[in-house]
1. Using the crude model of +1 on Lys and Arg Cβ and -1 on Asp and Glu Cβ, and no other charge, please compute the dipole size for segment 154-217 relative to its Cα centre, in debye to 20.
2. Sorted from largest to smallest, which semi-axis lengths in Å does the alpha carbon gyration tensor of segment 154-217 give for its equivalent ellipsoid, taking the root of 5 times each eigenvalue?
3. Mind giving me the nanometre distance, one decimal, between the label points for A91 and E111, set 7 Å out from Cα along Cα→Cβ?
4. Quote the FRET efficiency, to the nearest 0.05, computed for A178 versus Q134 with a Förster distance R0 of 41 Å and r equal to the Cβ-Cβ distance.
5. Note down the net charge around I130, summing +1 for each Lys or Arg and -1 for each Asp or Glu among other residues with Cβ under 15 Å from its Cβ.
6. Determine, for R147, R172, the number of other Cβ atoms within 10 Å of each Cβ, and report the residues in order from fewest to most.
7. Where the only charges are on Cβ atoms (+1 Lys, Arg; -1 Asp, Glu), what is the dipole of segment 86-145 about its Cα centre, to the nearest 20 debye?
8. If you take all C-alpha pairs in segment 86-145, what percent of them are over 12 Å apart?
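Read-outs: derived from the displayed coordinates by stated rules, not from any lab. Everything quoted here is computed from the prediction, not taken from an experiment. Counting neighbours? That spans all protein chains shown, and the Cβs are built from the backbone with ideal geometry, glycine included.
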Amino acid sequence: MSNETQTAETAAPSSTPATATPAASTTSTPTPATAPTAQPATPESTTLLGGAAAPAAPVQGQPATPEAALEATPGEQPASTEPVNYDDLQAPEGAEFNPESLGEFKALATEMKLPKEQAQKLADLGVKAIQRQQDQFMQAVAAEHARWAEVSRTDPEYGGDKLDESLGLANRALAEFASPEMLKLLTENKLGNHPEIIRTFVRVGRAINEDKLVSGATKPPVRDARNFYPNSNHTA
């Protein structure tokens with residue numbers, strides 16, 4: 001009995017209300033998750049592949065992009081976009097630019113965007129090449145003139161031992177028929193050495209000389225009144 005009474009008393013509610021502490025539920029109400037705060041990316045946390053952050057600033061002296069690294073050449077300065085003026089190109093000493101050729105060269109240099117220094121070097125090279133060609137041409141002409149003179153000295157018709165006499169006849173023909181312009185042409189262009197020119201004037205000189213010899217050997221008949229009146233007794 002004593003055990004039952006003690007049990008009953010223990011089970012009876014106390015007069016002082018007990019503060020009820022709710023037991024923890026095994027099913028908890030979900031609470032909204034707090035989104036993680038975005039942290040600013042640092043140069044160490046970025047990558048070139050797939051990184052959204054701006055690339056780190058390039059080191060001084062290096063190209064900013066891979067493309068620039070391919071195009072950049074050590075020691076080379078970027079070309080200027082301003083057009084180059086080639087009006088003050090200078091011809092080599094003793095030479096002159098041909099205006100038409102110079103205009104064509106300037107147009108080409110502008111199209112190729114040549115620096116002034118390179119354009120001047122090319123212009124010098126072109127002028128020197130033309131001068132070399134002209135010198136070779138003049139040497140060839142002088143050699144041809146010398147060949148004309150040698151052929152004339154040995155010509156079988158008027159050369160050899162007859163050369164001095166033949167040239168005397170040719171010079172008399174020139175003096176009588178050639179104009180000052182003709183004489184200038186023969187002298188300046190060395191045509192006076194050409195075998196066929198000399199041959200022509202030698203023949204003209206011989207023809208003139210023969211005419212003078214014939215006219216000097218025969219006197220013309222005297223023409224006076226007695227020729228018209230043969231039976232007249234008039235005496236001079």
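1. On the way: 8 positive and 11 negative charges, 20 e Å.
In debye, rounded to 20, segment 154-217 gives about 100.
2. On the way: eigenvalues 89, 54, 11 Å².
They are 21, 16, 7 Å, listed largest first.
3. 2.4 nm
4. FRET efficiency, A178 to Q134: 0.85.
5. Numbers: positive: K128, R132; negative: E93, E96, E100, E104, D124, D135.
With Lys, Arg at +1 and Asp, Glu at -1, the neighbours total -4.
6. Values: R147 12, R172 16.
Listing R147, R172 from fewest to most nearby Cβ atoms yields R147, R172.
7. Working: 6 positive and 11 negative charges, 48 e Å.
Its charge dipole is roughly 220 debye.
8. On the way: 1237 of 1770 pairs.
For segment 86-145, the share of Cα pairs beyond 12 Å comes to 70 percent.
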